[in-house]
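To start, the structure under review is shown below, and the notes come after it.
The values are calculated or read from the model by the stated rules, or taken from the named source; none is laboratory data. Quantities reported herein were computed from a predicted structural model and do not represent experimental measurements. Virtual Cβ from ideal backbone geometry, glycine too; neighbours counted across all protein chains shown.
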Amino acid sequence: MVSEEEKKEIKEKVAEGRILTRIIIEIVGKPKEHIEKALRIVVEKIKEQRDIKIVEEQLFNAEKQNEMFSTFAELGILFKDIQTLMGFCFDFMPSSIEILDPKKLGFDSNNFAGLINDLLARLHQINLKVVQNNAEKKALKKNMLNMLKNTVMILLSIKTMQLEQLSKSSGVNENDLKPLLDSMVKEKTIDFKEGVYSLKK
């Protein structure tokens, strides 16, 4: 709870150009203890940011939502200016933000153009990361598929096996392994007869 003295100090800071906000930071995942710890870490990182001051904070216990858990923090934050606020939004991706004070924000066209350019630069960075992550994911998937194919061929070079045996020996679930085996049969890399897989002769 913010004291009257703190409220007065906040008002003075807003009069000097600071921006008072109420921000919700939410984390979803599991296990429960992990996301609660992650939320505390995020709040501590926010406290370390320059030109940002948390004036009020409330962290809530995680609650179950279907198969996951959800927890959130409600923070009262003073920002130096609109640029700092926008940077915060990109860095911490809050669930929601409410500007409490001042009621109107004013800035000149040069500052506004700079803000838009910062916004565009960050969007381009995010887009680049998405493209890079997709490329890395595709490469990893291809490598894993090749490794699994090699594993199947090594196992079948030792002896013929049924799906259940291949699943146990490779450590891959039968439902996930079956489509790969079907594709290898189609490619004529391995044979499948009477429920038994073997290397192509």
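Residue pairs whose Cβ atoms lie under 7 Å apart, separated by 6 or more positions or on different chains, with the first residue in the range 3-24 and small (Gly, Ala, Ser) and the second surrounded by 11 or more Cβ atoms within 10 Å (Cβ to Cβ), are GLY17/ASP81.
Counting only strands (runs of 3 or more DSSP E) that sit wholly inside the range 1-99, those with at least 1 residues that are within 17 Å of the chain's Cα centre (by Cα) are 19-29, 68-79. The condition of being touching a residue at least 24 places away in the same chain (Cβ under 8 Å) and either in contact with a Gly (Cβ under 6 Å, 6 or more places away or on another chain) or not assigned by TED's automatic domain parsing to the domain that holds GLU187 (or both) holds for only one of LEU119, LEU128, that being LEU119. Kindly evaluate VAL2 against the criterion of being modelled with pLDDT under 90 and farther than 28 Å from PHE112 by Cβ. Here the answer is yes, as VAL2 does meet what is asked.
The residues of the range 168-194 that are of a type outside the set (Asp, Glu) and either under 30 Å from the mean Cα position of the chain (by Cα) or surrounded by fewer than 11 Cβ atoms within 10 Å (Cβ to Cβ) (or both), listed by number, are GLY171, VAL172, ASN173, ASN175, LEU177, PRO179, LEU180, LYS186, LYS188, LYS193. Residues that are touching a strand residue (DSSP E or B) at 6+ places or on another chain (Cβ under 9 Å), over 16 Å from LYS201 (Cβ atoms) and among the aliphatic types (A, V, I, L, M) within the range 162-189 comprise LEU163, LEU166, LEU181, listed in sequence order. Taking every residue in the range 163-177 that is of a type in the set (D, E, K, R) and pairing it with any residue that is exposed (fewer than 12 other Cβ atoms within 10 Å of the Cβ), at least 6 positions away or on another chain, the pairs with Cβ-Cβ distances below 9 Å are GLU174/GLU164. Tallying residues that are surrounded by fewer than 11 Cβ atoms within 10 Å (Cβ to Cβ), closer than 23 Å to LYS47 by Cα and of a type in the set (Asp, Glu) within the range 91-139 yields 1.
Is there a residue being without any contact (Cβ under 8 Å) to a residue 24 or more places away in the chain and touching a strand residue (DSSP E or B) at 6+ places or on another chain (Cβ under 6 Å) anywhere in the range 27-46? Yes - at least one qualifying residue is present in the range 27-46.
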